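Structure first, then comments.
Laboratory data are not the source of any read-out in this text; all were calculated from the coordinates shown. Since the model is a prediction, treat every value here as computed from it, not as a measurement. Using ideal geometry, Cβ is built from the backbone for each residue, glycine included, and neighbour counts are taken over all protein chains shown.
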Amino acid sequence: MTDAVLLLGFGGPEGIDEVVPFLERVTVGRGIPPERLVEVGQHYFTLGGVSPLNAQNRALRTALAEALDAAGSPIEVALANRNSPPFVPDVLAELAAAGRREILAVATAAYSGYSSCRQYREDLGTALASADLGLSVRKLGPFYDLPEFAGTIAALLLESLPDDISLDDPGTRLVFTTHSVPTSAARASGPSGDAYVNQHRWVAEQVVRHLAEAIDVTKPWELVFQSRSGPPTMPWLEPDVNDALRAYAAEGATAVVLVPIGFLSDHMEVIWDLDTQARDTAAELGIRLVRTPAVGTDPRFVAALARRIAAELAAPSPEPGAGDFCSGGCCANPRRELPTVPGTGLRR
Ligand SMILES: CC1=C(CCC(=O)O)c2cc3nc(cc4[nH]c(cc5[nH]c(cc1n2)c(C)c5CCC(=O)O)c(CCC(=O)O)c4C)C(CCC(=O)O)=C3C
Ligand SMILES: [Fe+2]
């Protein structure tokens, strides 16, 4: 029987002194140009060295624990991060010391992909391989397909749209955004490839369907990318949100409704890359920009994720080696092979 849920966060700095060590952990061996690191470090320093992400994930942990209680599946919910304390190996050791034996990990990332899924399985697999903890750990699969995920995004969009911006107006563009990744990583994502982009397009379609039902407007939309990193020679998913804004302005757009479907909370990549950078671009171009909130701890989303987790907790424990939805090369990074824990199936 599963005896703890482990929520997994990306991690972020929570003080000036933590910024450089955090960036070093994120980027070790990734070939990210030093200029890019200086620039990203500056974003964190501007906010006093504090990323909003860890506090947001602590709030999600609490909200999930409450929602699991409410769903009739009370269970301990712990939190561990990839790139800042409390680190995955330390939290796993604490859970083992407290007598836990079987753990369901849940990443704070909804889509298939190396950074958003496999790397979390590697973080767990590596930790288990280097300590004899007697733990069995599996990871919940991508949950972008929860109907309430797109439903909550659509509801938040409608709730945050100013009265003087109409989706019905052809001058208003509806634009979904997510984290860019190398095109090679996008191709390798999911059990049969290209899952990262396809899953985002599916969510965007569901949001548009909700909007059509709510306000009777069938809105054209596009998916753009943000927060590109890596060396300029390596192809990443495009168009970048700022280039897209320039193209829309040239086509006569007057307003852009920007919906960050790639993230669960309004963390640094949202408040800097969208609310600062993309907002400046829009201001230069003389177009309005509305950025809608991420789902965060919205009870509609949290209750649905808790029900998905409860269903997984109620399912019979998989035999060792079986039940691995993310088998073989799912989201694999050809540059490194690391131990992984199994991932549970997509349920749709
Ligand atoms: C797909 C994806 C998600 C979404 C899924 C998930 O959540 O996992 C995500 C989330 C996040 N990314 C974050 C921060 C950073 N990501 C970086 C670098 C990179 N991200 C990548 C992809 C993703 N990243 C990739 C392919 C790289 C290149 C290096 C590598 O191959 O790994 C760098 C290095 C500097 C830079 O180059 O930008 C930083 C600082 C934060 C924290 C924000 C905060 O502090 O509030 C969060 C939630
Ligand atoms: Fe990132």
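The 3J(HN,Hα) values that the Karplus relation (6.51, -1.76, 1.60; θ = phi - 60°) gives for the range 30-38 are, in residue order, 9, x, 7, x, x, 4, 5, 5, 4 Hz. Gly and Pro appear as x.
In terms of surrounding Cβ atoms within a 10 Å radius of their Cβ, SER130, SER73, SER184, SER265 rank from fewest to most as SER130, SER184, SER73, SER265. Our estimate of slack between LYS219 and ASP275, defined as 0.36 nm per intervening residue step minus the Cα-Cα distance, is 17.8 nm. 3J(HN,Hα) along the range 154-161: 5, 4, 5, 4, 5, 6, 9, 6 Hz, from the Karplus curve 6.51 cos²θ - 1.76 cosθ + 1.60 with θ = phi - 60°, whole Hz, x for Gly and Pro. All distinct Cα pairs of the chain go into the 1/r average, and the inverse of that average, the Kirkwood radius, is 20.9 Å. Return one number: the angle in degrees, 0 to 90 and rounded to the nearest 10, between the long axis of the Cα atoms of helix 119-129 and the longest principal axis of the Cα atoms of the chain. Value to nearest ten degrees: 20.
Projecting the Cα positions of VAL224, GLY262, ALA195 onto the charge dipole of the chain (unit charges on Cβ atoms of Lys, Arg, Asp and Glu, taken about the Cα centre) puts ALA195 furthest along the positive direction. Per-residue 3J(HN,Hα) values for the range 185-190, derived from phi via the Karplus relation 6.51 cos²θ - 1.76 cosθ + 1.60 with θ = phi - 60°, read 5, 4, 5, 7, 7, x Hz in sequence order (x marks Gly and Pro).
When +1 charges are put on Lys and Arg Cβ atoms and -1 charges on Asp and Glu Cβ atoms, the dipole computed for the chain relative to its Cα centre reaches about 800 debye. Neighbour counting of Cβ atoms within 10 Å sorts the residues ASP168, ASP145, fewest neighbours leading, into ASP168, ASP145. Dipole check for the range 147-291: with +1 at the C-beta of Lys and Arg, -1 at the C-beta of Asp and Glu, and the Cα centre as origin, the magnitude is about 400 Debye.
Over the range 147-291, with a single point scatterer placed on each C-alpha, what log10 of the ratio I(q)/I(0) does the Debye formula yield at q = 0.10 1/Å? Here log10 of I(q) over I(0) equals -0.33. When the chain is described by a simple charge dipole with +1 on each Lys and Arg Cβ and -1 on each Asp and Glu Cβ, the residue from THR297, ALA204, ILE165 located farthest towards its positive end is ALA204. Whats the longest run of the chain with zero GluC sites (Glu not before Pro) that are DSSP loop and have at most 15 other Cβ atoms within 10 Å? Here the longest run is 77-250. Calculated [222 nm] ellipticity per residue, helices only, for the chain: -12000 deg cm²/dmol; basis is -39500 (n - 2.57) per DSSP H run with n ≥ 4, divided by all residues, nearest 500. With neighbours defined as other Cβ atoms within 10 Å of a residue's Cβ, the residues ILE215, ILE103 order from fewest to most as ILE215, ILE103. Inter-part distance, the range 143-185 to the range 27-61, computed on C-alpha centroids, equals 24 Å.
Over all other residues within a Cβ to Cβ distance under 13 Å of GLU18, the charged ones net out to -2, with Lys and Arg as +1 and Asp and Glu as -1. Here is the P(r) of the range 31-160: all C-alpha pair distances, binned every 5 Å from 0, give 2, 8, 13, 18, 20, 16, 12, 7, 3, 1, 0 in whole percents.
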